[in-house]
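Here is the structure we will look at, set down as structure tokens.
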There are 2 protein chains.
Amino acid sequence: MLSQVVELIEKKKAFAITTHVKPDGDGLGSSLGLCWLLKSLGKTADVIVRGEVPPAYHKLPGVDLIRDVEHLNGSYDAVFLIECSDLERPGIRGLNEAFTVNIDHHSTGDPFGTINWIDPTASAVGEMIYNLCKAIGGRITKEIADCVYMALVTDTGSFHYSNTTDRTLKVASELIKAGAKPAEISGAVYNNYPWSRIELMRRVLDTVKRDETGKIAYMRQTLAMRQESDAIDGDNNGFVNIPLAAREVEAVIYMREIGANSYRVSLRSKGDLNVAKIAERFGGGGHRNAAGLQIDGNWDDKEAELVSILQTEIKSRIQ
Amino acid sequence: MLSQVVELIEKKKAFAITTHVKPDGDGLGSSLGLCWLLKSLGKTADVIVRGEVPPAYHKLPGVDLIRDVEHLNGSYDAVFLIECSDLERPGIRGLNEAFTVNIDHHSTGDPFGTINWIDPTASAVGEMIYNLCKAIGGRITKEIADCVYMALVTDTGSFHYSNTTDRTLKVASELIKAGAKPAEISGAVYNNYPWSRIELMRRVLDTVKRDETGKIAYMRQTLAMRQESDAIDGDNNGFVNIPLAAREVEAVIYMREIGANSYRVSLRSKGDLNVAKIAERFGGGGHRNAAGLQIDGNWDDKEAELVSILQTEIKSRIQ
């Protein structure tokens with residue numbers, strides 16, 4: 001609960017903050033935002049994140065102080081875990097012996113922390129860090145504002161997703177007042193791709209087709225395309241949404257070659273068309289409108305099979 | 001001024017509202033929002049817009065009541081012109097004899113109205129309509145909220161552009177409280193393209209190249225591509241921004257064939273690289289980071305010429 005977190009911070013001195021591996025904007029922005037808040041209150045705080053920080057977040061204030069260590073070393077009064085479903089997610093050893101504070105806006109994980117503050121009504125943990133700052137009587141500094149705004153922008157897809165509430169935008173408004181620059185922060189996320197992404201995009205998009213109903217779009221990424229494009233991990237993030245933006249399209253199948261006759265598949269859908277259910281049949285999973293699976297076999301056959309399953313699903317939904 | 005507008009509305013009864021031809025989200029959203037506000041105050045109001053309403057706006061409440069007439073016929077106490085630089089912009093005859101109210105957030109036009117209310121600090125006219133509603137003591141109904149939210153989202157590029165202020169997001173927050181659904185409104189704009197746009201995108205993107213410095217990207221759209229894609233006007237909106245999103249790229253040249261050896265050219269740039277200046281040399285114009293021009297000649301030659309001019313500009317800027 002929030003009150004427990006406030007009490008802990010008031011009573012204690014030395015903190016560590018971490019988030020899940022492959023950190024996203026909410027994980028990094030909220031961790032750094034909390035770090036700046038703790039420092040402004042006269043506490044010490046280390047942010048520990050495993051692995052590389054994606055370029056979109058290189059300009060966040062404090063990003064240069066992030067530590068990438070395997071073991072929790074240092075004597076901390078408590079460790080904050082931001083957006084982690086369990087103690088393993090940060091990829092740091094020694095957490096099971098620590099006093100842990102689990103801060104999340106997803107209610108799906110176990111309450112594994114010594115303290116658990118879970119708020120599923122928050123659009124992002126960033127929103128919770130803002131609330132914490134207010135609850136503890138802190139000032140929203142420019143640094144906190146920049147970091148928390150990044151958290152909000154990325155977790156709401158630029159205030160597009162349905163998790164965007166009046167509270168989200170009220171908080172975002174306050175962060176701008178405190179100095180956050182929307183154009184700079186959005187630009188760091190959405191105008192900061194490597195050129196290899198454009199090269200890969202044109203190759204992948206060149207394979208896009210629709211089934212005979214026009215409602216299902218499908219496209220492919222071969223290993224050769226990755227190589228020809230000099231692509232890095234993450235370059236194809238969001239490609240699957242390009243054909244989905246067409247109003248005729250109700251579902252997208254995006255198959256990526258990962259080895260001989262082996263593919264990772266992203267499924268996307270609109271409205272009540274449930275692709276998680278389809279992914280589960282193949283041992284995959286996800287949400288209603290965004291799911292993934294892995295599949296082996298002949299590419300054409302497997303593509304045709306998935307198209308056919310989606311066609312059946314769309315037909316049965318209409319009746 | 002706002003006070004004059006409030007007084008006019010309080011004293012008079014019958015209003016018309018119009019905006020520029022080829023209406024955008026701010027023009028339509030603000031016109032319809034104002035119409036709902038006037039109706040909620042017991043006034044009569046007609047919205048008159050010339051030409052087709054783009055699909056993104058088909059679900060705005062009141063869109064079915066929009067009238068497309070050549071002449072201002074009907075006896076109106078006043079006509080509101082939303083985001084029009086002059087009396088010609090709406091494409092309606094008879095406006096010069098009317099009592100006109102010029103409402104705009106651009107300060108570039110002449111103050112042509114009988115009353116002029118210009119607020120360059122507003123991110124969109126939508127923000128001004130919200131302020132008007134508050135000033136006149138009106139209630140933000142669900143209809144007003146939907147229309148004005150659309151105005152804000154489109155004119156700020158989903159709260160990305162630098163015109164986004166704390167006030168913009170505060171207003172957006174209030175509109176959500178009044179019933180606007182961010183995901184639905186953003187979806188209507190950003191997930192509502194015809195399939196032909198995807199077909200055109202993959203053809204255009206397949207031509208993308210960079211110059212030897214890697215800083216200038218250029219691509220083409222032929223008339224044949226339009227035909228093969230069954231493309232309609234507007235399908236290529238935003239394409240020029242795709243290569244611009246790469247961090248290495250400082251400028252983009254997008255040439256579209258409009259006839260034999262004749263091309264419409266869009267230039268985009270980042271930071272202080274001024275492409276309006278370049279466009280002006282060819283009789284075109286625009287803003288610092290977004291400009292356009294028309295050019296005739298051999299395609300390869302003209303493309304090489306523009307690349308070379310941009311290279312010189314980038315070099316001189318560095319020194």
Item to check | Under 23 Å from the Cα of B:Lys270 - lysines, other chains or at least 8 residues apart | outcome: A:Lys59, A:Lys181, B:Lys209, B:Lys215, B:Lys302, B:Lys315
Checklist entry - Relative to the other copies, what are the label-point distances for B:Asp64, with labels 7 Å from Cα along the C-beta vector, expressed in nm at one decimal and sorted shortest first? => result 6.0
Next on the checklist: List the chymotrypsin sites (Phe, Trp or Tyr not before Pro) within segment A:123-195 that DSSP assigns to loop and that have no more than 16 neighbouring Cβ atoms inside 10 Å.
Outcome noted: A:Tyr161
Checklist outcome for this item: Here the whole-number average of other chain Cβ atoms within 10 Å per Cβ of B:243-251 is 5
Item to check | Loop trypsin sites (Lys or Arg not before Pro), segment A:37-70, which have at most 15 other Cβ atoms in a 10 Å radius of their Cβ (DSSP) | outcome: A:Lys59
Item to check | Within straight-line cross-link reach of A:Lys13, aspartates and glutamates at Cα separation under 20 Å, skipping those fewer than 8 residues along the same chain | outcome: A:Asp46, A:Asp77, A:Glu97
Checklist entry - In what order do A:Cys147, A:Cys35, B:Cys133 fall by count of nearby beta-carbon atoms within 10 Å, going from fewest to most? => result B:Cys133, A:Cys35, A:Cys147
Checklist outcome for this item: Within segment A:47-126, DSSP-loop chymotrypsin sites (Phe, Trp or Tyr not before Pro) with at most 16 other C-beta atoms within 10 Å are A:Phe99
Checklist entry - Non-local amide H neighbours of B:Ile258 (under 5 Å, H modeled in plane, Pro and chain starts lacking H): which ones? => result B:Tyr263, B:Arg264
Item to check | Inter-part distance where segment A:45-60 and segment B:241-319 are each reduced to a Cα centre, Å | outcome: 36
Item to check | segment B:197-318: relative contact order in percent, alpha carbon pairs under 8 Å with at least 6 residues between | outcome: 19
Checklist outcome for this item: Among A:Arg281, A:Arg220, A:Arg210, the residue with the largest mean-square fluctuation in a Gaussian network model of chain A built from Cα contacts under 10 Å is A:Arg281
Checklist entry - Considering only the label points, 7 Å along Cα→Cβ from Cα, what distances in nm to one decimal separate B:Asp272 from the same position in each other copy, shortest first? => result 5.8
Checklist entry - Using θ = phi - 60° and the Karplus form 6.51 cos²θ - 1.76 cosθ + 1.60, what ³J(HN,Hα) does each residue of segment B:266-272 get, whole Hz, x for Gly and Pro? => result 9, 10, 10, 8, 10, x, 8
Next on the checklist: What's the magnitude of the charge dipole for the protein assembly as shown around its Cα centre, counting Lys and Arg as +1 and Asp and Glu as -1 at the beta-carbon? Answer in Debye, nearest 20.
Outcome noted: 860
Checklist outcome for this item: Per-residue average of other protein chain Cβ atoms inside 10 Å, peptide A:147-157 -> 1
Checklist outcome for this item: Interchain or sequence-distant (5+) residues whose placed amide H lies within less than 5 Å of the amide H of A:Ile17 are A:Asp46, A:Val47, A:Ile48, A:Phe80
Checklist entry - In segment B:2-190, what is the volume of the convex hull around the alpha carbon atoms, normalised per residue and reported in Å³? => result 102
Next on the checklist: What is the sum of charges, Lys and Arg at +1 and Asp and Glu at -1, for the other residues whose Cβ falls under 11 Å from the Cβ of B:Arg210?
Outcome noted: -3
Item to check | Reference-scaled alpha-carbon Rg (2.2 N^0.38 Å with N residues) for the protein assembly as shown | outcome: 1.03
Item to check | For peptides A:136-145, A:307-316, sequence by mean Cβ density within 10 Å, most packed first | outcome: A:136-145, A:307-316
Checklist entry - Among A:Asp26, A:Asp155, A:Asp68, which one moves the most in a GNM of chain A with springs linking Cα atoms closer than 10 Å? => result A:Asp68
Next on the checklist: Relative contact order of chain A, please, whole-number percent, based on alpha carbon pairs below 8 angstrom and at least 6 residues apart.
Outcome noted: 12
Item to check | Shielding of B:169-180 by partner chains, average beta-carbon count, 10 Å | outcome: 5
Next on the checklist: If N is the number of residues in chain A, what value comes out of its Cα radius of gyration divided by 2.2 N^0.38 Å?
Outcome noted: 1.09
Next on the checklist: Under the convention of a label 7 Å out along Cα→Cβ, give the distances in nm from B:Gly234 to the same position in every other copy, shortest first.
Outcome noted: 3.5
Item to check | All lysines inside 22 Å of B:Lys11 as judged from Cα atoms, apart from same-chain residues fewer than 8 positions distant | outcome: B:Lys39, B:Lys43, B:Lys134
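Since every read-out is calculated from the coordinates, none of them should be taken as a lab result. Quick caveat: nothing in here was measured; it's all calculated off a predicted structure. Note that we place each Cβ from the backbone using ideal geometry, even for glycine, and neighbour counts take in every protein chain shown.
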